[in-house]
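To keep things clear, I will list the structure first and then write my remarks on it.
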Amino acid sequence: MTDILVTGGTGQVGQELRAAALPAGWVLHTPGRNELNLLDVAALTAAVAARPWGAVINAGAYTAVDRAESDSATAWAVNMTAPRTLAVATAAKGIPLIQVSTDYVFAGDKASAYVETDPVGPLGVYGASKLGGEIAVGALNPRSVIFRTAWVVSPIGTNFVKTMLRLGAERPSLRVVADQHGAPTTAREIARALLIVAERMVTDATAPTGIYHFACAGEATWCDLARHVFARVALAGRAAPTVEAITTADYPTPARRPANSRLDTHCINRDFGITPRDWRDTVAETVKELLAKN
Ligand SMILES: NC(=O)c1ccc[n+]([C@@H]2O[C@H](COP(=O)([O-])OP(=O)(O)OC[C@H]3O[C@@H](n4cnc5c(N)ncnc54)[C@H](OP(=O)(O)O)[C@@H]3O)[C@@H](O)[C@H]2O)c1
């Protein structure tokens, strides 16, 4: 039996990991915040020491990007101190560690998709704290993968697709930002890719390590994503609002967002054989699931 410790089991990615088909003999342990608080350094160290884990996947994070600007101590504790603690504890026992991270480590001013070696430059507390976590994990556990992803959506939790469906049911028209570029990526595809990486790390002591980018294929703006969502809504015979394109400047938020969140996935394809699916197909599945619930 191979025991895998997953933090953030109640989050978008964590819940999809719990629902995913696992390699034979694997058991995922997904303690919630009450059983394992990422702010509790001693508890994290004890949790890693408790079993001969096959791997640890840190999918837990402080993800409230705007709130982080005024709550930086908590964001840094969850996004940097916790992964650093996990890195020290896992490295002491030779356990592989996968640290889920984000496009927000970049400034978003590159003209093309970001590759793993591009210079970082976070625009806010969330991105800076996640970068802190990346640096700690990379420096402290030689058997680690930093798994950067972006624009996560899923049928559960808080995300753009769910917000659009809620607002679209209340209003005849919506204004959506059309000058930020990325690839909507379902938590289910992330879970699938994480398990491929984890299985390789568990079974192969010489498995590749370091930073890898993962996002669904294709690209979009938030406005494109909203229009795609409402096209599916209309196809399902439901009323859909019109979507007006606006700029980031028209929609001020406490935290600055990268204008370019596109992640190049060539390396994860080359080293782990992972081929991302197109965002349009995966988002269509998500919308279908959400419409079936309501
Ligand atoms: N969401 C995105 O668009 C996005 C984009 C790029 C990268 N990422 C990264 O992808 C990963 C997963 O994100 P997600 O979208 O699944 O996040 P999410 O839905 O916000 O889930 C975050 C998880 O972290 C847990 N958590 C937060 N603080 C904790 C604490 N002090 N103790 C224990 N658990 C705590 C939450 O528990 P509770 O349920 O108890 O709050 C939840 O399970 C994160 O590393 C995130 O940085 C996300």
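The values are calculated or read from the model by the stated rules, or taken from the named source; none is laboratory data. Remember, predicted model here, so these are calculated numbers, not experimental data. All Cβ positions, even for glycine, are placed from backbone atoms using ideal geometry, and neighbour counts span all protein chains on display. To get the accessible areas, we keep the full protein, side chains included, count just its heavy atoms, and leave off ligands, DNA and RNA. Shrake-Rupley method; radii C 1.70, N 1.55, O 1.52, S 1.80 Å.
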Pull out the extension gain between Asp179 and Ala42, defined as 0.36 nm times the separation in residues minus the alpha carbon to alpha carbon distance; nm, one decimal. 45.0 nm
Once phi for every residue in segment 50-67 is put through the Karplus expression 6.51 cos²θ - 1.76 cosθ + 1.60 (θ = phi - 60°), the whole-Hz ³J(HN,Hα) values, with Gly and Pro written as x, are 5, 9, x, 4, x, 6, 10, 10, 8, 9, x, 6, 8, 9, 7, 4, 6, 5
For Thr203 and Asp278, compute 0.36 nm times the residue count separating them, minus their Cα-Cα distance, and round to one decimal in nm. 24.1 nm
Å² of accessible area per residue within the chain, as computed with a 1.4 Å probe and no ligands counted: 43
How large is the helix-only mean residue ellipticity at 222 nm for the chain, computed as the sum of -39500 (n - 2.57) over DSSP H runs with n ≥ 4, divided by its residue count, in deg cm²/dmol to the nearest 500? -12000 deg cm²/dmol
How much length is gained on full extension from Asp66 to Ala50, taking 0.36 nm per residue of separation minus their Cα-Cα distance? 2.2 nm
Work out the FRET efficiency for Leu167 and Val27 from their Cβ-Cβ distance, taking R0 = 45 Å, and round it to the nearest 0.05. 0.70
How big is the charge dipole of the chain about its Cα centre, in debye rounded to the nearest 20, if each Lys and Arg gets +1 on its Cβ and each Asp and Glu gets -1 on its Cβ? 480
Label-point separation in nm, Thr247 to Ala19, each point 7 Å along Cα→Cβ: 3.9
Would you work out what percent of the accessible area of the chain, with all protein chains in place, is carbon or sulfur (probe 1.4 Å)? 53
If you take every DSSP beta bridge whose two residues both sit in the chain, what share of them, in percent to the nearest 5, is antiparallel? 5
Out of Ser129, Thr149, Tyr212 - ranked by how far each Cα lies towards the positive end of the dipole of the chain, with unit charges on the beta-carbon of charged residues - the top one is Thr149
Assigning unit charges at the beta carbon (Lys, Arg +1; Asp, Glu -1) and nothing else, what dipole magnitude in debye, to the nearest 20, does segment 145-294 show about its Cα centre? 380
Not counting ligands, DNA or RNA, and with a 1.4 Å probe, what is Cys267's accessible surface area in Å² rounded to the nearest 10? 30
Values of log10 I(q)/I(0), in the order q = 0.08, 0.12, 0.13 Å⁻¹, for the chain under a Debye, Cα-only, solvent-free model: -0.33, -0.75, -0.89
Could I have the simple spin-label model distance between Val120 and Asn34, label points 7 Å from Cα toward Cβ, reported in nm to one decimal? 3.4
